[in-house]
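Quick notes on the structure that follows.
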Amino acid sequence: MNWAKRREKLRRSFAGRAALTAASAAYGAGVLGRRALYGLGALKQHRLGARVICIGNLTAGGTGKTPAVLLAAETLRRRGHDVAILSRGYGRKAPKKHVSVLIDGRHCDWRECGDEPWMIHQSLQGLGVPVLVCPDRAKAGELAVEVYGSKVLILDDGFQHLRLHRDLDIVLISARDPFGGRRLLPAGDLREPVSALRRAHLIVITHSDRVTVEALTALRAELAALRPGVPVLESAHRADHLLDVRADRKLPPEHLAGRDVVALSAIGDPLSFESGLEGLGAKISQRWRYPDHHAFSARELRSAEELRGGLPLVTTLKDFARFPDGWEALLSGEVYVLGVKLEILSGRNVWIDTLDRLARDAEAA
């Protein structure tokens, strides 16, 4: 039983709800205590010899963070700035202190670096953006500066990583569930209290096309009250292409319009992936959902193969990274990866100017 189902089961009883509330209170005390220690200087922040842009969120999953990291890297690199990405590498198998490096011409098994860094690296092929993976992101950052000459470092999912000083905090807020039920983990999905938004320099509302105008207006008003004067941008996740992984070719996203498909995913927000498919005109006949970061087994793929009835199977790049070796023999017919990008709908010039200005300041330093 995954955590979401276990939590729902606990919520059905008074004792379970009490246990979740108590656990959230203890978790919140720890978060606030740690934040206070950094504020008082008892815990020191590490400064790197480059500008650091942090892209993170307040909640556990569901905001579409990775496409935002990709967009930031592309925005900077296409303007000629030397940028690298620092990632923790959730679930990777490499030794804890080892820094895994992914860069054009150098590849890494997803088990060594983690599925999200692997996906980031694959998506940025040809741009010369190093992706450095290590729980000690200060160590990874030093390596990026010394070896690759990076002037700007993008801290992937680092809003709660207070050990590393950052020059720009970009916080993503999902329009569909902005504040994780307004309760801290584990009772809700908040990683820290909403008051943490006071650290944000730029706020990006994601999935803004998935809610009503009234809901979006109310959210913008609440964010303005929580963090007055900070720019609030609106964005949406758009299907960019279909990758036919068997033939290794890109197809237009409309390739599956009007066809029945099977959706297979193990991500924080499967609904966003599935909605994107339906937005292209595909008809989802089966939905196979697994917990976030789940490593697919041969048995699971065989089950999907037996039940899919020859329909095209569509997954995400992050999920495809976790397919077992020999998947080609387990799945017949059409297998596609849906490529997704983040599109800034409101405030695109603010996004570009903010990142470009910081990078130019770094190069002038």
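Throughout, read-outs are computed from the coordinates displayed, never taken from laboratory work. Bear in mind the structure is a predicted one, so any value in this text is a computation, not a measurement. Cβ coordinates were reconstructed from backbone atoms using ideal geometry, including for glycine residues, and neighbour counts include every protein chain displayed.
Quick one: which residues, 5 or more positions from A282 or on another chain, have an amide H under 5 Å from its amide H? H modelled 1.01 Å from N in the peptide plane, none for Pro or chain starts.
G258
Quickly estimate the mean residue ellipticity at 222 nm for the chain, helices only: each DSSP H run with n ≥ 4 gives -39500 (n - 2.57), and the total goes over all residues, rounded to 500.
-11000 deg cm²/dmol
Quick check on the exposure proxy: order R137, R17 from fewest to most C-beta atoms within 10 angstrom.
Details: R137 26, R17 13.
Sorted ascending by nearby Cβ count, the order is R17, R137.
Considering lysine pairs in the chain that are 8 or more places apart or on different chains, how many have Cα atoms under 23 Å apart?
Close lysine pairs found across the chain: 22.
Please list 3J(HN,Hα) in residue order for the stretch 41-54, calculated via the Karplus relation 6.51 cos²θ - 1.76 cosθ + 1.60 where θ = phi - 60°; whole Hz, with x for glycine and proline.
With the stated coefficients, the stretch 41-54 comes to x, 5, 10, 8, 8, 9, 9, 9, x, 7, 6, 10, 10, 9 Hz.
Of H165, L143, A175, which is farthest along the charge dipole of the stretch 136-195 in the positive direction, counting Lys and Arg as +1 and Asp and Glu as -1 at C-beta?
A175
Ranking W110, W327, W118 by Cβ neighbours within 10 Å, fewest first, what do you get?
Values: W110 23, W327 16, W118 28.
Fewest to most other Cβ atoms nearby, the residues stand as W327, W110, W118.
With a Cα-only, solvent-free Debye model of the chain, what are the log10 I(q)/I(0) values at q = 0.09, 0.12 Å⁻¹?
-0.53, -0.97
Across the stretch 131-141, in residue order, what do the Karplus-derived ³J(HN,Hα) couplings come to in whole Hz, using 6.51 cos²θ - 1.76 cosθ + 1.60 with θ = phi - 60° and x for Gly and Pro?
Those phi angles translate into 10, 10, 10, 5, x, 8, 6, 5, 5, 5, x Hz.
List the equivalent ellipsoid semi-axes of the stretch 237-341 in whole Å, largest first, each obtained as the square root of 5λ for an eigenvalue λ of the Cα gyration tensor.
Working: eigenvalues 72, 45, 36 Å².
Working through the eigenvalues yields semi-axes of 19, 15, 13 Å.
Per residue of the stretch 8-13, in order, report the coupling 6.51 cos²θ - 1.76 cosθ + 1.60 (Karplus, θ = phi - 60°) as ³J(HN,Hα) in whole Hz, putting x for Gly and Pro.
Coupling constants for the stretch 8-13: 4, 5, 5, 5, 7, 10 Hz.
Name the trypsin sites (Lys or Arg not before Pro) in the stretch 69-108 that are in a loop by DSSP and that have at most 10 other C-beta atoms within 10 Å, would you?
In loop regions of the stretch 69-108 (DSSP not H, G, I, E or B), the sparsely surrounded trypsin sites (Lys or Arg not before Pro) are R78, K96, K97.
What does the C-alpha gyration tensor say about the overall shape of the stretch 180-233? Classify as rounded when a/c is under 1.5, otherwise prolate if a/b is larger than b/c, or oblate.
Because a/c hits 1.5 or more and a/b fails to exceed b/c, the stretch 180-233 counts as oblate.
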